[in-house]
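Working notes for the structure below.
The values are calculated or read from the model by the stated rules, or taken from the named source; none is laboratory data. As the structure is a prediction and not an experimental result, all values here were calculated from the model. In this analysis, Cβ positions are derived from the backbone assuming ideal geometry, glycine residues included, and neighbour counts consider all displayed protein chains.
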Amino acid sequence: MAIIAGNAGRKTRNPACALMQKTTDVRLAAPRQLELFGHPKGLTVLFATEMWERFSYYGMASLLVLYLVKHLLLPGHVEAVLGYRTVKAALESMFGPLGPQPLASQIFGFYAGFAYLLPIGGGYLADRFFGQRRMAIIGGLLMAAGHFLMAVESLLFVALGLLVLGMGAFKPNVSTQVGALYAPGDTRRVRAYSIYYVGINIGAFAAPLVAGTLGGEAGWHYGFAAAGVGMLISLAIYLAGLRHLPPDERRTPHAPRAAAAPLDKRKRLAISGLLAVFLLTAFFWATYEQQSNTLMLWAEDFTERRVDLGVWQGHIPTTWFLALNPLMIFVLTPVLIKLWAWQARRGSEMSTIRKLALAFFCVSLANLVMAAAALMLDSGGKASPSWLVAYFVIVTIGELHLGPVGLALVSRVAPARVLSLMMGLWLAASFPGEILGGWLGGFWSSMEKANFFLMIAAIAAAGGAAVFALNPALRSVFDESPADIP
């Protein structure tokens with residue numbers, strides 16, 4: 001998480017979707033496909049495959065920081081983790097002494113960062129050597145193994161390594177096959193990726209409710225096992241539907257090429273502007289991704305999760321709050337699409353740069369809301385869960401102004417000869433953002449909570465101001481350039 005974002009999202013960000021562009025460069029025609037509801041049946045296969053893969057990823061991610069802080073990194077458990085001393089020493093050589101919570105945040109940051117970086121290599125290996133199908137299958141097996149190994153405390157870093165390698169192999173190649181189902185010029189391709197994106201968010205919504213609840217209530221290992229089962233379901237669907245998927249495509253690296261004309265001044269300005277935006281978006285992801293990191297610790301320790309309905313009493317599992325983001329995407333996406341269309345008809349739609357800046361300011365505002373919650377918190381008391389609901393509404397509005405808008409910007413203004421490279425760099429910008437986010441999260445246990453949220457808000461606001469400052473120089477390039485720059 002309709003609009004294509006990076007689940008990102010993160011979750012909502014599905015970063016490998018950006019790599020779909022590369023397939024159109026090498027395809028002459030798409031094979032005829034059996035159709036279902038006006039689309040090739042292969043789309044249904046890939047929809048379900050990605051839905052369950054995202055279930056596995058976000059199910060595990062919803063538990064990771066809580067699992068590390070509340071269990072595995074505590075004395076009596078951490079001593080048995082293979083490679084713990086080496087990893088901790090390496091991180092402390094860069095960031096200084098790390099207690100359990102800062103170390104957990106750093107581990108999460110590096111895990112998420114490599115999850116968004118390695119798909120570039122997975123796409124390259126598929127293009128040059130192994131093909132999309134084989135790489136996707138290898139990736140699915142690695143991820144399933146990684147999820148199940150998370151249940152073995154001593155193999156934490158082995159499991160995380162398998163997971164990021166598996167995502168690098170799986171995600172770009174499954175996402176790429178969506179585009180390969182359609183012939184060049186087929187207008188259904190855009191709708192197909194919107195449908196595919198719905199699958200991503202269904203998985204992201206269900207993951208914290210199912211795997212997160214099992215991990216938090218029944219035992220950590222049950223949650224990780226549920227994520228592993230989800231990945232096996234994803235792989236089984238993919239294998240069962242192979243006959244409906246397009247054949248592998250390979251590029252021919254030694255094929256003769258005509259000499260490319262040098263880039264003119266306008267194209268160079270477009271590339272420079274995109275690179276500046278990519279650099280600044282790292283600060284967006286660093287602040288946005290606190291929701292899976294320190295926000296889970298706030299929900300666990302400082303949020304009133306008890307529910308008293310008179311005839312029934314219980315409590316809200318911590319991970320359920322992460323389901324609010326995909327839920328808000330379902331609710332807010334059509335609203336924003338209609339709003340932008342209405343503004344466009346009136347000639348008042350914000351420029352691309354202003355939309356990107358607004359995304360930063362929304363993250364800043366969401367953290368100001370949490371700072372207010374922390375300031376109003378009585379000593380030893382608990383905050384209302386409505387603060388977190390407000391946070392996720394605002395931060396999701398921000399995400400929808402950056403993830404899909406950024407992808408559309410790259411596809412629209414990047415010169416065709418470097419389009420795949422620019423898409424890859426947009427994706428890679430998440431890597432330093434996740435690392436920075438892990439470092440920032442490390443201050444959670446040493447700062448007053450209001451001050452921590454104010455720090456995150458200030459960083460997001462500064463990033464938004466820097467993006468906004470680009471508007472005078474780049475508005476004409478980003479908003480008035482041709483759709484396809486040759």
### Message
Could you check segment 64-106 and list, in sequence order, the residues that are in a helix (DSSP H, G or I), more than 21 Å from SER292 (Cβ to Cβ) and among the aliphatic types (A, V, I, L, M)?
### Response
VAL78, ALA80, ALA89, ALA90, MET94
### Message
Looking only at segment 334-372, count every residue that is within 23 Å of the chain's Cα centre (by Cα) and among the basic types (Lys, Arg) and tell me the total.
### Response
2
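Can you name the residue in segment 348-385 that is of a type in the set (S, T, N, Q) and at pLDDT below 95 and, of all such residues, is nearest to GLY406 (Cα to Cα)? Quick ask: steps written out before the conclusion?
First, pick out the residues of segment 348-385 that are of a type in the set (S, T, N, Q): 348, 351-352, 364, 367, 379, 384.
In the following step, the residues that additionally are at pLDDT below 95 were identified as 348, 351-352, 379, 384.
Values: SER348: 20, SER351: 12, THR352: 8, SER379: 42, SER384: 34 Å.
Among them, the one singled out is THR352.
Each row is one residue, and each column tells you yes or no for (1) among the aliphatic types (A, V, I, L, M); (2) farther than 17 Å from LEU280 by Cβ; (3) within 25 Å of the chain's Cα centre (by Cα); (4) modelled with pLDDT under 80.
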{"site": "TRP426", "(1), (2), (3), (4)": "no, no, yes, no"}
{"site": "ALA429", "(1), (2), (3), (4)": "yes, no, yes, no"}
{"site": "GLU434", "(1), (2), (3), (4)": "no, no, yes, no"}
{"site": "SER446", "(1), (2), (3), (4)": "no, yes, no, no"}
### Query
Taking the stated definitions as given, is GLY99 within 29 Å of LYS70 (Cα to Cα) and touching an Asp or Glu at 6+ places or on another chain (Cβ under 6 Å)?
no
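Being surrounded by fewer than 18 Cβ atoms within 10 Å (Cβ to Cβ), within 29 Å of LEU181 (Cβ to Cβ), basic (Lys, Arg) and modelled with pLDDT under 80: is that true of ARG266 here?
Details: surrounded by fewer than 18 Cβ atoms within 10 Å (Cβ to Cβ): yes; within 29 Å of LEU181 (Cβ to Cβ): no; basic (Lys, Arg): yes; modelled with pLDDT under 80: yes.
Spelling it out, it is not the case that ARG266 is surrounded by fewer than 18 Cβ atoms within 10 Å (Cβ to Cβ), within 29 Å of LEU181 (Cβ to Cβ), basic (Lys, Arg) and modelled with pLDDT under 80.
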### Query
THR252 passes all but one of (1) of a type in the set (Ser, Thr, Tyr); (2) modelled with pLDDT under 80; (3) in contact with a helix residue (DSSP H, G or I) (Cβ under 6 Å, 6 or more places away or on another chain); which number fails?
(3)
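Answer yes if at least one residue in segment 81-102 is within 23 Å of the chain's Cα centre (by Cα) and either buried (at least 16 other Cβ atoms within 10 Å of the Cβ) or over 22 Å from PHE224 (Cα atoms) (or both), and no otherwise.
Keep residues of segment 81-102 that are within 23 Å of the chain's Cα centre (by Cα), which gives 101-102.
When the remaining residues are screened for being either buried (at least 16 other Cβ atoms within 10 Å of the Cβ) or over 22 Å from PHE224 (Cα atoms) (or both), the result is 101-102.
So far as segment 81-102 goes, yes, one or more of its residues are within 23 Å of the chain's Cα centre (by Cα) and either buried (at least 16 other Cβ atoms within 10 Å of the Cβ) or over 22 Å from PHE224 (Cα atoms) (or both).
Looking at the structure I just gave you, is PHE361 aromatic (Phe, Trp, Tyr) and touching a Gly at 6+ places or on another chain (Cβ under 6 Å)?
yes
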### Message
Take residues that are surrounded by fewer than 16 Cβ atoms within 10 Å (Cβ to Cβ) and touching a Cys at 6+ places or on another chain (Cβ under 8 Å) and tell me which of the helices (runs of 4 or more DSSP H) falling wholly in segment 312-429 contain 3 or more.
### Response
none
